[in-house]
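Structure, as structure tokens:
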Amino acid sequence: MSTPIIVQKFGGTSVANLDRMRNVADVVAAERDLGHHVVVVVSAMSGETNRLVALAHDAVEEPPPRELDALVATGEQVSTALLAMILSQRGIPARSILGYQMGLRTTGAHTRARITEFDRRTFDQAFAEGTVLVAAGFQGVDPEGDVTTLGRGGSDTTAVAIAAGLGASFCDIYTDVDGVYTADPNVVSNARLLEKIAYEEMLELASLGAKVLQIRSVELAMKYEVPVRVRNSFTRSAGTLLTKEDADMEGVAVQGVSLDRNDAKISLRRVPDQPGVASKIFTPLSEAGIVVDMIIQNASEDGKTDLTFTVPKTDLKQATRIVEKLAQEIGIHRVETAPDIAKVSIVGVGMRSHAGVATRTFSVLAQEGINIQMISTSEIKISVVIDEKYAELAVRSLHEVFELHKEPKARTSWT
Ligand code: ADP
Ligand code: ASP
Ligand code: MG
């Protein structure tokens with residue numbers, strides 16, 4: 001039987017300083033001692049990417065994406081080199097490797113590039129030599145030969161892509177919490193650690209704000225059925241396994257609650273209610289690369305309607321500029337913006353077969369006096385947009401009412 005390959009990814013807090021890197025070296029050594037081939041993927045040291053992004057914005061008002069990528073990718077160059085030195089000194093042959101050195105090719109969409117391929121020969125050679133490659137997460141190279149990055153949190157995606165390509169037995173995502181919880185453990189103190197979670201549920205949680213895994217990494221894991229474990233690099237917990245949906249999971253109506261504060265709301269008042277208007281509004285937004293999330297349109301009154309939608313807070317300025325220009329052309333009465341909103345969501349594959357989840361959600365928010373501004377649902381999630389100041393209260397109340405702190409078996413059988 002061939003030697004199992006394990007990809008270990010260490011996030012920013014796990015490599016925040018040299019002591020923590022020494023701890024990472026212990027985790028790598030323990031895996032190697034089990035006789036496995038190990039590939040390490042690292043993020044920049046905690047806070048470094050934010051520092052570099054801020055530096056660029058201090059330098060100029062709108063940093064060109066190509067140069068922004070060239071700048072922020074340096075964070076991972078530092079952490080890979082330091083960790084490789086520490087591993088080597090510990091007696092583990094190790095070598096740092098950047099995106100271009102592993103042939104990690106991406107699309108040319110700077111700051112949000114997608115991986116297209118990488119060269120596995122570099123890895124096979126390292127396995128044959130017994131060298132641990134310490135690969136830079138988050139970065140790649142585009143068809144022009146320019147450095148690209150994969151979007152914030154992108155090292156998760158680098159790790160899962162390498163694990164998929166190498167046919168790794170596990171992709172271990174080491175972070176600062178014990179695994180995936182029923183809610184962000186930094187918001188809900190009695191959140192429960194999940195032993196396993198369905199790819200689909202994790203995809204929804206990640207899309208709805210649980211930043212523990214980058215969305216794209218979950219998409220790749222699901223597509224290639226990569227067994228991803230989310231673990232704690234400090235406690236070395238067994239963690240949470242991402243896996244295909246099973247019968248146990250279907251029995252659980254709500255698996256988790258998530259919170260997203262990254263969106264803002266735009267409302268267009270008294271929009272002419274005519275064919276083609278929505279397309280006139282949303283086409284230029286999408287051409288500008290702005291991702292519109294929720295949309296609601298009110299019933300028409302005297303040929304006019306209200307249209308409300310959400311966009312990432314970081315795109316609010318640009319989106320407002322675009323719709324204000326359109327307002328004059330199309331004859332929209334007023335454009336209102338609200339950056340202070342939050343989206344709270346509940347997720348579970350079991351929602352497909354459980355009735356009453358939505359009613360419970362709305363009534364608990366009503367009891368807390370929280371006004372719902374927008375609602376969107378799918379088969380396995382319910383999201384509401386509310387005033388940002390009630391965000392944590394809403395998350396805690398929903399966690400409580402669905403008894404997520406308890407084992408599913410111990411929950412009240414109201415569904
Ligand atoms: P890293 O730097 O290791 O990539 P991140 O900060 O990106 O770590 O992700 C880990 C964080 O994700 C945790 O500290 C936690 O606050 C947050 N988080 C949000 N939702 C969840 C959840 N449901 N389970 C676990 N962590 C969550
Ligand atoms: N360093 C990058 C970021 O902070 C990538 C990552 O940490 O995954 O977003
Ligand atoms: Mg992360």
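Just so it is clear, none of the values below were taken in a lab; they were calculated from the coordinates. Remember, it's a predicted structure, so these values are computed and weren't measured experimentally. Here Cβ is always computed from backbone atoms with ideal geometry, including for glycine, and neighbour counts include all displayed protein chains.
With +1 on the Cβ of every Lys and Arg and -1 on the Cβ of every Asp and Glu, and nothing else charged, how large is the dipole of the chain about its Cα centre, in debye rounded to the nearest 20? The partial results should precede the final answer.
On the way: 43 positive and 54 negative charges, 69 e Å.
I would put it at about 340 debye.
Let me know the charge dipole size of the range 165-282 about its Cα centre in debye, to the nearest 20, where only the beta-carbon of Lys, Arg (+1) and Asp, Glu (-1) is charged. Before the final figure, lay out each step's value.
Values: 14 positive and 17 negative charges, 120 e Å.
Roughly 580 debye, rounded to the nearest 20.
When a footprinting reagent is the concern and you count Cβ atoms within 10 Å, what order do 234, 10 take, fewest first?
Details: 234 16, 10 28.
Listed from fewest to most nearby Cβ atoms, that is 234, 10.
Write down Rg/Rh for the range 86-173, rounded to two decimals, with Rg from the C-alpha atoms and Rh from the Kirkwood relation over Cα pairs. All intermediate terms of the calculation are to be shown ahead of the outcome.
Numbers: Rg = 13.2 Å, Rh = 13.4 Å.
A ratio of 0.98.
Which of the three applies to the range 162-255, rounded, prolate or oblate, going by the alpha-carbon gyration tensor with a ≥ b ≥ c and a/c under 1.5 meaning rounded?
On the way: a/c = 1.58, a/b = 1.18, b/c = 1.33.
In terms of gyration-tensor shape, oblate.
Rg(Cα) of the range 302-415 divided by 2.2 N^0.38 Å?
Details: Rg = 17.9 Å, N = 114, 2.2 N^0.38 = 13.3 Å.
Working it through for the range 302-415, the quotient is 1.34.
Evaluated at 25 °C with a viscosity of 0.890 mPa s, what Stokes-Einstein diffusion coefficient in µm²/s does the range 253-305 have when Rh comes from the Kirkwood expression over alpha-carbon pairs? List each step's numbers first, then the result.
On the way: Rh = 13.7 Å.
D, rounded to a whole number, is 179 µm²/s.
Can you tell me what the convex hull of the Cα atoms of the range 202-344 projects to on average, as an area in nm²? All intermediate terms of the calculation are to be shown ahead of the outcome.
Details: hull surface 47.5 nm².
Computing the convex hull of the Cα atoms and averaging its projections yields 11.9 nm².
How about the range 211-277: which GluC sites (Glu not before Pro) there lie in a loop by DSSP and see at most 13 other Cβ atoms within 10 Å?
Working: sites: 219, 225, 245, 250; in loops: 225, 245.
In loop regions of the range 211-277 (DSSP not H, G, I, E or B), the sparsely surrounded GluC sites (Glu not before Pro) are 225.
Evaluate 2.2 N^0.38 Å with N set to the residue count of the range 1-150, then give the Cα radius of gyration divided by it.
Working: Rg = 15.9 Å, N = 150, 2.2 N^0.38 = 14.8 Å.
Taking the Cα Rg and dividing by 2.2 N^0.38 Å, one obtains 1.08.
Compare the Cα positions of 295, 279, 358 along the charge dipole of the range 255-368 (+1 at Cβ of Lys, Arg; -1 at Cβ of Asp, Glu; about the Cα centre) and return the one farthest towards the positive end.
The residue sitting farthest along the positive end of the dipole is 358.
What translational diffusion coefficient, in µm²/s and rounded to a whole number, does the Stokes-Einstein relation yield for the range 213-269 at 37 °C and a viscosity of 0.692 mPa s, taking the hydrodynamic radius as the Kirkwood radius over Cα pairs? All intermediate terms of the calculation are to be shown ahead of the outcome.
Details: Rh = 14.7 Å.
Once the numbers are plugged in, D ends up at 224 µm²/s.
Below 13 angstrom from the Cβ of residue 391, what's the summed charge of the other residues (Lys, Arg +1; Asp, Glu -1)? Don't skip to the answer; put the middle values down first.
Working: positive: 261, 343, 389, 396; negative: 184, 260, 263, 340, 368, 387, 388, 392.
Computed value for this residue: -4.
In terms of modelled amide H atoms, which long-range or inter-chain residues lie less than 5 Å from the amide H of residue 305?
Placed amide hydrogens put 270, 271, 273 under 5 Å from residue 305.
Rounded to the nearest 5, what is the percent of antiparallel bridges among the DSSP beta bridges in the chain? Kindly include the intermediate steps, with their values, before the conclusion.
Numbers: 42 of 70 bridges.
Expressed as a percentage, antiparallel bridges in the chain total about 60.
With springs only between Cα atoms under 10 Å, which of 307, 166, 259 fluctuates most in a Gaussian network model of the chain?
Highest fluctuation of the listed residues: 307.
log₁₀ I(q)/I(0) of the range 301-348 at q = 0.19 Å⁻¹, via Debye over equal Cα point scatterers, no solvent, to two decimals?
-0.74
Per Stokes-Einstein, at 20 °C and 1.002 mPa s, what whole-number D in µm² s⁻¹ belongs to the range 42-125, with the Kirkwood radius over Cα pairs as the hydrodynamic radius?
148
Hey, in the GNM for the chain with a 10 angstrom Cα cutoff, which one of 96, 189, 258 fluctuates hardest?
189
Which of 145, 153, 108 moves most in a GNM of the chain, Cα contacts under 10 Å?
Per the Cα network of the chain with a 10 Å cutoff, 145 tops the list.
Whole Å is fine, so just give me how far the alpha carbon centre of the range 251-272 lies from that of the range 6-38.
A separation of 37 Å, based on Cα centres.
What are the semi-axes of the equivalent ellipsoid of the range 1-76, taken as the square roots of 5 times the eigenvalues of the Cα gyration tensor, listed largest first and rounded to whole Å? Could the numbers behind the result be given before it?
Details: eigenvalues 227, 42, 7 Å².
Sorted largest first and rounded, they come to 34, 15, 6 Å.
Please report, in Å, the Rg and the Dmax of the range 71-220, where both are computed over Cα atoms only.
16.4, 49
So what are the chain's ellipsoid semi-axes, whole angstrom, largest first, if each one is the square root of 5 times an eigenvalue of the alpha-carbon gyration tensor?
Numbers: eigenvalues 307, 160, 61 Å².
Three semi-axes, in Å: 39, 28, 17.
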